[in-house]
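Before any comments, here is the structure.
The values are calculated or read from the model by the stated rules, or taken from the named source; none is laboratory data. Just so it is clear, the structure is predicted and the values come from calculations on it, not from any experiment. Neighbour counts run over all protein chains shown; Cβ positions are idealised from the backbone, glycine included. With ligands, DNA and RNA removed, areas are computed over all heavy atoms of the protein, side chains included. Shrake-Rupley method; radii C 1.70, N 1.55, O 1.52, S 1.80 Å.
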Amino acid sequence: VLIGSLVKAGRHKEVGRVYLARGEYAAAARAFDDAGAWSDAARCFEELGNAREAGVYLERWLELHPDDDGAALRLGRILARFGRHDDAITLLQRAISKAAPGDKDAVLCRAAPTLALAFHALGYDEAARTTLVRWHKAFGRLTRGVDPARIANDAPPTSLEALLSSARAAAFAAVQQRTTKSSP
């Protein structure tokens, strides 16, 4: 009854929220699409494990909302999964530059792992190392005064070699191989 009433009223975004609350991601994505809430639709496809469809919706969203650093970060990660490293790097750097001044360090810390791995995949190891240096500085500013034991698992790797031998890099490579084999 609620969903029917919301649909009749043309309140598709609210319909999407109801479906989302019920865990019905495909229905929520359709409703968000009808509402033009493409970032929300993309989030539903991410939950469904459909990175390709999520990427399509994020690209559409970013055409209208180019300053959305969160969407740029999400799309950059997706593009890296499909081996589109140049595009991923551009989006991740854009996310960092568009972040609000108080959020820049947090966005950098979220973007840095994929950014460094994408640089490395293209053979730009010096850029990857520079990204690690920036990541360390941002992490230090974010965690100043925090008990080191609480943040040890979140700390950036000590070197590019440490990043490349990490579980994160192994997961990056595994996902990339799986997704690029099926890419057009």
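A Förster distance of 35 Å, applied to the separation of the beta-carbon atoms of LEU64 and ASP147, puts the FRET efficiency at 0.25. What percentages, rounded to whole numbers, describe P(r) for segment 1-143 computed over all alpha carbon pairs with 10 Å bin width beginning at zero? Spelled out bin by bin, segment 1-143 gives 13, 34, 29, 17, 6, 1 percent.
Per-atom-type breakdown for segment 21-138 gives carbon and sulfur 49% of the accessible area (1.4 Å probe, protein chains only).
Rolling a 1.4 Å probe over the heavy atoms of the protein chains gives the chain an accessible area of 55 Å² per residue. Computed over the alpha carbons of segment 1-58, Rg followed by Dmax gives 10.7, 33 Å.
Using 0.36 nm per residue and subtracting the Cα-Cα separation, the extra length available between VAL18 and ALA100 on full extension is 26.5 nm.
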